[in-house]
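The values are calculated or read from the model by the stated rules, or taken from the named source; none is laboratory data. Predicted model only: the values in this text are computed from it and were never measured. Don't worry about glycine lacking a Cβ; one is built from the backbone with ideal geometry, like all the others, and counts go over all protein chains shown. Remember, those area values only see protein heavy atoms, side chains included, never the ligands or the DNA or RNA. Shrake-Rupley method; radii C 1.70, N 1.55, O 1.52, S 1.80 Å.
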Amino acid sequence: MISRMSSATKIVVLLGILFVGFAGDLRGANISTVAGTGQGGNNGDQGDATHVHVTQPFGVEIGPDGALYVTEVGNHRIMRVDRKTNQLTTIVGTGKAGYLGNRQEATHAVLREPYELRFAKNGDIYFVEMKNHIVRKIEALTNTVRLVAGIGTAGFGGDGGAATAAALNNPHSIALDEQGFLYIADIGNHRIRRVNLVTGIIDTVAGTGEKKLPTNGSLARGNAMLGPRALCHDKGVLWIALREGHSVWRLNLASGRLQHVAGTGEKGFTGDNGAPLQATFNGPKGIAVGPQGRLFVVDTENQAIRMIDLKQNMISTVCGYGPQGRGPGGDGADARKSQMGRPHGICIDANGVVYVGDTMNHRVRFFTAPNATEK
C-alpha cells in the first residue's frame, strides 16, 4: 500500500482489510483516493500523487514493477504512481492534445485522449488513443513510442493487412493474451479487432458492424457486437463489456464462441444479490478479473462498481450506490456508500485492492474487494 498515507487514511485501509476477512460477507471496505486532487486542470507533471491534478483519469493498471499506471484523458498523458512513496511522474505526453512522437522518446510524444493501457511480458506498454483512432506502445528497452495500429483518422478497413495501415473508429479498450495477440475494442465499428504482434496483421474476431446484441453460444466471428467498450484477458478468455448493449460477455479464444454472462441488454440498475443474467447495467465501460475469479464491472452511468461471483451466480454492488449517487463524496467511508463521477477504468492487484479511474471526480480511488482474503 501507499507509504505516505496520513494516519487517518492508514486506519481507513486497515479497517477495510478487516472487513473483508469474513467469508461470504459483502460489507464494503472503505474507499480512499490514491491520486488526483478532485480538480481538473494541469498543475504540473510530477509530485505527491494526491497533490497533482489528474484530469479525467480513465484506464488504470498495475505494472510489472508494482506501480500504478493511469491514463489521463483531460491532459493527454500517462502517469506512474509509485505505491511505496506515493510519488507521481508523467511517463508519456506533454499535456497538450495532438499526434506526434512516433519513433521518438516517450517524453516528447503528443497524445490525444489516451483511454487505456496494458503491459506486455517484455515490459512494453501498449496504449490506445481514442480520438487519434490508434494504438501505440512504449518500448521498454528504448523508451521509444511506436505505432501499432491505426492511421490517425476514423474509419473501417485494412483487415488482412498491416495494422498500421488499417482504420479504426474510436477504439477504447485493449487486451493482450499469452499467444502474442492484441485485442482492440473498435467501438465505432462495433467490432473487436485483433493484431498479431509478430506479423503485424490485423483482422476482426467479433462483430459485423451491425448494431445489435450477439447471439449466446454462437461463434464471435461474423456475429453482431453492440458497442464493445471494455476488454480484459484472463486464462484464455476475453471478457467483454458492451456499452450500448448494457451486458457482459465471455469469448473463449480457443473455440471462438461467445457466452452471455450478465445483463439483460436493457438499461437500468437492478438485480443485486440475484442471478447476473437478470441484472441490468447502464453503459458499462470497464472490466477486470479479481481474486477467486470474480469479475468486476464499472457500471459507468450508474456510478457504481458491480461484482459478479461466477461460482455463486450472483451479482452485487461493491462501490457506489446507483444513478442518484453521482458526486465526489465518500472517502473514508464504506465504498458502497460513496459517490462516484462516471468512473471508467478498473484494475485489481494481487491482494484484492481495487483501483478505479473516477473520471469526473478527477481522482483515482481504491478499496479492498469483498472476500479478498478468502481462499
Unique residue being open to solvent by less than 10 Å² (accessible area, probe 1.4 Å), under 17 Å from the mean Cα position of the chain (by Cα) and over 19 Å from residue 285 (Cβ atoms) when the list is 70, 34, 60, 54: 34
Examine the stretch 78-94 for a residue that is within 18 Å of residue 286 (Cα to Cα) and either open to solvent by less than 10 Å² (accessible area, probe 1.4 Å) or in contact with a Lys or Arg (Cβ under 9 Å, 6 or more places away or on another chain) (or both), and state whether such a residue exists. yes
Within the stretch 199-224, residues in contact with a helix residue (DSSP H, G or I) (Cβ under 9 Å, 6 or more places away or on another chain) and not hydroxyl-bearing (Ser, Thr, Tyr) come out as 200, 201, 202, 207, 209
Show the residue pairs meeting these rules: Cβ distance below 6 Å; 6+ apart or different chains; first residue within the stretch 309-327 and open to solvent by less than 10 Å² (accessible area, probe 1.4 Å); second residue part of a helix (DSSP H, G or I). 315/276; 319/335; 322/302
So, in the stretch 328-340, of the ones that are at negative phi and in a loop (DSSP other than H, G, I, E, B), which residue ends up least open to solvent (accessible area, probe 1.4 Å)? 338
Residue count, the stretch 76-95 (criterion: outside any strand (DSSP E or B) and more than 18 Å from the chain's Cα centre (by Cα)): 8
Qualifying positions in the stretch 307-342 - aliphatic (A, V, I, L, M) and at pLDDT 95 or above: 307, 308, 314, 315, 318, 335, 340
Within the stretch 170-191, work out how many residues are in contact with a Phe, Trp or Tyr (Cβ under 6 Å, 6 or more places away or on another chain) and either over 14 Å from residue 136 (Cα atoms) or among the hydroxyl-bearing types (Ser, Thr, Tyr) (or both). 1
Hey, residue 289 hits all of (1) out of contact with any strand residue (DSSP E or B) (no Cβ under 6 Å at 6 or more places or on another chain); (2) in contact (Cβ under 8 Å) with a residue 12 or more places away in the chain but one; which does it fall short on? (1)
Restricting attention to the stretch 222-278, report how many residues are in a loop (DSSP other than H, G, I, E, B), open to solvent by 10 Å² or more (accessible area, probe 1.4 Å) and not aromatic (Phe, Trp, Tyr). 20
Restricting attention to the stretch 157-187, report how many residues are of a type outside the set (A, V, I, L, M) and open to solvent by 30 Å² or more (accessible area, probe 1.4 Å). 9
Please count how many residues of the stretch 96-112 are assigned to a strand (DSSP E or B) and either touching a Gly at 6+ places or on another chain (Cβ under 7 Å) or closer than 12 Å to residue 136 by Cα (or both). 3
Between a residue in the stretch 38-63 that is under 23 Å from residue 298 (Cα atoms) and any residue that is in a loop (DSSP other than H, G, I, E, B) and hydrophobic (A, V, I, L, M, F, W, C), which pairs come within a Cβ distance under 7 Å, given they are 6 or more apart or on different chains? 56/73; 58/73
Boolean, residue 195 is in contact with a helix residue (DSSP H, G or I) (Cβ under 6 Å, 6 or more places away or on another chain), in a strand (DSSP E or B) and open to solvent by less than 40 Å² (accessible area, probe 1.4 Å): yes
Could you please give the count of residues in the stretch 296-308 that are open to solvent by less than 10 Å² (accessible area, probe 1.4 Å) and more than 19 Å from residue 31 (Cα to Cα)? 1
Does the stretch 135-150 contain at least one residue that is over 20 Å from the mean Cα position of the chain (by Cα), surrounded by 24 or more Cβ atoms within 10 Å (Cβ to Cβ) and free of Cβ contacts under 8 Å to residues at least 60 places away in the same chain? yes
Looking only at the stretch 102-112, decide whether some residue is of a type in the set (D, E, K, R), over 14 Å from residue 75 (Cα atoms) and open to solvent by 20 Å² or more (accessible area, probe 1.4 Å). yes
Could you tell me which of the residues 292, 259 is at pLDDT below 95 and polar (S, T, N, Q)? 292
